[in-house]
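Working notes for the structure below.
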Amino acid sequence: MKLFKNYRKDLNKISVGNIWLGVLSAVLLGFSYPPIPFPFFIFFAFIPYLIELEKRESLISINKLTYVFAFFLNVITLYWVGSWDKQADFFLMLSGGILLFFNPLLFLIPSTVYYFAKKFFSKKTALLLFPLFWVAYEYAYTLTEFRFPWLTLGNSLAYFTSFIQMADIVGVYGLSLSVLYINIVLYFLFKEYQIKKTFNKKLIIITAVLIVVPLIYGFYKISSHKEPIKTIKVGLIQPNLNPWDKWEAGSTQTQLSLYFDLSQKAINKGAEYLFFPETALPVYLLDGQHYRFVSQIHRFCDSNNVTILTGMPNIFYHYGKSNFPKNSKLTLNPDISYTSYNSVLLFKPFDRRIDYYGKIMLVPFGEKVPLVEYIPFLGDLIKWEVGISSWNVGNDTVVFKVPNLDKTKNDTIKIASIICIESIYPDFVASFVKKGAQMISVVTNDSWYGNSSGPYQHQAMGAIRAVENRRFVLRAANGGISCIINPLGETVVKTKMFTKNIVTGKVGILNEMTFYTKFHNLIPVFAVFVTLIIIALFFLNKLKKLLRIKD
């Protein structure tokens, strides 16, 4: 009761005016993310929040400020998640609405650990540790079934090409860390100026170093960049099909013909490797009932001597209860079960073997209900009307080995084909490159979210992945944005949203691995380690106090 009364007192002390400092930070930070071209805001966006954060003493007051800050940030940047289209699925809108209230709760992790740190260190030291707590939260979020780490701070810098070049060493989490330390040093500079009416020279030098060193490295990488010697000509197919209507029965042949027509235009421009978007056709192409469509694709590859990588639903049937995998779903026949995947299929000319990859990082609630393996009835409660909310999790990462269609060269090209949201997970993408992928393709369908910020933010993240791994990134999107991004994170060519179009261009085949690719978890794991130490110290101290009281 005493603790509750203290919480009420703390709440009463918090003025609305002070809360607005958190809102101001949220606005500045929100305007740092694509498609708004103001990434520079992020270098001082946290200062209003830090001014108010340092004044607060109790955990509840700190977390109230943080929740308000995070809520407005989420509304500004993630308003699009529910789609809010007149055709949108009810569960998509519901999950999007819930996300705007749930996601801010996770931002309480770094602010709570900051409160713990204040119990052992000065406020200044606690603030200096705060960036590590934040990065620990960003990374830990990716490990949960509810993961949606769209707002990783480093993602906001995609348009700041010269600054993000150091991502080949530190990755997106290193960019987040850099952003936060620049904010904190600027805050200390501002705070000292308020007191002494003069600028601290040491802090100015530190700020300059934090900004100038990445820029010098960036200018060096950009100026020394050389075009790759080995290239292939690719074609990205953007059919611009309505994502809600495409699942209606009877439209498969029409849609396939559209893909062939657009593909032929790409082939006429020299493309030998074609990329179709996510779930290009609304059928389980390899279920044995769509042989004529499979044959048409094979014949198209043979007659044009092209390779096709396409997003596609995929299904496997399992016969006999003793052979049922744990994650399989039952059919009307009790002796038959199935597993279904959001997949990528690889069709090669004059080869009837079809390689496939099943998506591993599924969209929470959109493609998989979190914890459904442990609470099965949730899968029956939450289903998209378009029938794509119950995919199985893929078994392993796959790097496709594609024959080089240049007859003068007898080698293979290794391609990572990432599916949609998987491209926002830096360590996951790096694992494909570590397996030997020489280029990264992303098949996606962002059309569910209209011409909102979502598709632009998603496309921008491809720039960070390109720099981290120094690979070309290709995006084949149903309604846009389809594009080719070079290893510097520069978008070479792209389509407009909601246009029926193709993209063709040369893509380099690269083998060198960056420091980040080899050691992609160094920074986040260190951040988690420091964070866990602070948490352990706090609770050990609580335990000691409790034992003293009992004595």
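The values are calculated or read from the model by the stated rules, or taken from the named source; none is laboratory data. Worth saying up front: this structure is predicted, and the values here are computed from it rather than measured. Glycine gets a Cβ as well: all are built from the backbone with ideal geometry, and neighbour counts include every protein chain shown. Remember, those area values only see protein heavy atoms, side chains included, never the ligands or the DNA or RNA. Shrake-Rupley method; radii C 1.70, N 1.55, O 1.52, S 1.80 Å.
Table for the structure above
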read-out: Complete set of residues in the stretch 410-432 that are over 17 Å from Leu345 (Cβ atoms), aliphatic (A, V, I, L, M) and in contact with a helix residue (DSSP H, G or I) (Cβ under 6 Å, 6 or more places away or on another chain); value: Ile424, Val429, Ala430
read-out: Residue in the stretch 28-54 that is nearest to the chain's Cα centre (by Cα), counting only those that are surrounded by fewer than 22 Cβ atoms within 10 Å (Cβ to Cβ) and more than 19 Å from Leu180 (Cβ to Cβ); value: Pro35
read-out: Complete set of residues in the stretch 349-361 that are open to solvent by less than 10 Å² (accessible area, probe 1.4 Å) and touching a helix residue (DSSP H, G or I) at 6+ places or on another chain (Cβ under 9 Å); value: Lys359
read-out: Checklist (1) crowded, with 17+ Cβ neighbours inside 10 Å; (2) within 30 Å of Gly436 (Cα to Cα); (3) of a type in the set (A, V, I, L, M) applied to Met497, failing item; value: (2)
read-out: In the stretch 221-243, residue surrounded by the most Cβ atoms within 10 Å (Cβ to Cβ) [restricted to those that are out of contact with any helix residue (DSSP H, G or I) (no Cβ under 8 Å at 6 or more places or on another chain) and either part of a loop (DSSP other than H, G, I, E, B) or free of Cβ contacts under 8 Å to residues at least 12 places away in the same chain (or both)]; value: Pro228
read-out: Flag if Pro149 is at pLDDT below 95, over 27 Å from His225 (Cα atoms) and open to solvent by less than 10 Å² (accessible area, probe 1.4 Å); value: yes
read-out: Leading residue by the ranking (nearest to Thr517 (Cα to Cα)) among those in the stretch 403-445 that are free of Cβ contacts under 8 Å to residues at least 40 places away in the same chain and under 13 Å from the mean Cα position of the chain (by Cα); value: Ile418
read-out: Count of residues meeting criterion [open to solvent by 10 Å² or more (accessible area, probe 1.4 Å) and under 14 Å from Met361 (Cβ atoms)] in the stretch 425-441; value: 3
read-out: Conditions (1) of a type outside the set (Phe, Trp, Tyr); (2) surrounded by fewer than 20 Cβ atoms within 10 Å (Cβ to Cβ); (3) in contact with a His (Cβ under 7 Å, 6 or more places away or on another chain): number failed by Leu332; value: (3)
read-out: Matching residues in the stretch 284-329 - criterion: being assigned to a loop (DSSP other than H, G, I, E, B), of a type outside the set (Lys, Arg) and open to solvent by 20 Å² or more (accessible area, probe 1.4 Å); value: Tyr284, Leu286, Asp287, Gly288, Gln289, His290, Asn305, Gly320, Phe324, Pro325, Asn327, Ser328
read-out: Residue list for the stretch 526-548, restricted to those being over 17 Å from Ala126 (Cβ atoms), surrounded by fewer than 17 Cβ atoms within 10 Å (Cβ to Cβ) and either in contact with a Gly (Cβ under 8 Å, 6 or more places away or on another chain) or touching a residue at least 40 places away in the same chain (Cβ under 8 Å) (or both); value: Phe526
read-out: Residue within the stretch 103-116 that is surrounded by fewer than 17 Cβ atoms within 10 Å (Cβ to Cβ) and either over 23 Å from the mean Cα position of the chain (by Cα) or more than 23 Å from Leu177 (Cα to Cα) (or both) present; value: no
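This table checks each residue for (1) hydrophobic (A, V, I, L, M, F, W, C); (2) in contact with a strand residue (DSSP E or B) (Cβ under 7 Å, 6 or more places away or on another chain).
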site	(1), (2)
Lys196	no, no
Val212	yes, no
Ile222	yes, no
Gly235	no, yes
Trp244	yes, no
Gln253	no, no
